[in-house]
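Read the structure below first, then the notes.
The values are calculated or read from the model by the stated rules, or taken from the named source; none is laboratory data. Keep in mind the model is a prediction, meaning the values are calculated, not measured. With ideal geometry, Cβ positions are generated from the backbone for all residues, glycine too; neighbour counts draw on all protein chains shown. Just the protein is used for accessible areas: all its heavy atoms, side chains included, with ligands, DNA and RNA removed. Shrake-Rupley method; radii C 1.70, N 1.55, O 1.52, S 1.80 Å.
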Amino acid sequence: MSIWGKILGTAVGLAIGGPLGALAGLAAGHAIDVGAARLGRGERAQVAFTIAAIALSAKMARADGYASADEFAVFERLFQVEAAERENAERFYNLAKRSTDGFESYARQVRSIIGTGSPVLEDLVEALLMIAVADGVTREELEYVDRVRREFAITDADFARIRTRYVAPDPDDPYVVLGIEPGADRETVRRAYLALVKRHHPDRHYAEGTPAEFIRVADLRMAEINAAYRTIMSS
């Protein structure tokens, strides 16, 4: 069963609890079922991640007062929403985008379930920025993403590295992608590259609870990291 069917096919509210569980119950359209408590730890992390990804993405799109079709299209592409599951994903998305209210509580809960310092939380922040730039990023959207990353306990330095890849004069600069100064020596480049590979390889994200449908962000980032490294080392 896909992650979408798992969420709406089972009343997961009791297993997840808190604001994410409440949103799951509303989207599913039925009462919480005691059977949902049988979700394993890994499944619980996957379901929580999924609900938070939808809710935070939808509320980010609403941050500037208008959630566009372009933003939802980017969400679908990043999170690999298949045609058969579009209705389920859209139901969650539309429910969450009614306002930005409550996003801090969603962010805090998913952080508590997944764990502070997990690269999976960076996945979510990066996805929010990708969606924000879909129809032209606004000050309100950037402020929203900044508040989410603070709830995730992502440092100023790490957020600056992520943000620069999307809101910068030249976000495709390979040095920006690797988070190093232009003209850095080859050993510095190599160390930065290996550290990013270790942190952001998709296999680690699978291990930490990212559902298969949501691994697209990690795949895209690794492609960028590899390309940046090759560009610098071949120059």
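For the range 130-182, what are the residues that are within 14 Å of the chain's Cα centre (by Cα) and among the acidic types (Asp, Glu)? Within the range 130-182, 146, 151 qualify.
Cβ separations smaller than 8 Å between residues 6+ apart or across chains give the following pairs from the range 111-139 residues that are of a type in the set (S, T, N, Q) to residues that are surrounded by fewer than 20 Cβ atoms within 10 Å (Cβ to Cβ) and modelled with pLDDT of 85 or more: 116/153.
If you go through the range 119-140 and keep only what is out of contact with any Ser or Thr (no Cβ under 8 Å at 6 or more places or on another chain), open to solvent by less than 10 Å² (accessible area, probe 1.4 Å) and more than 12 Å from residue 53 (Cα to Cα), you end up with 119, 129.
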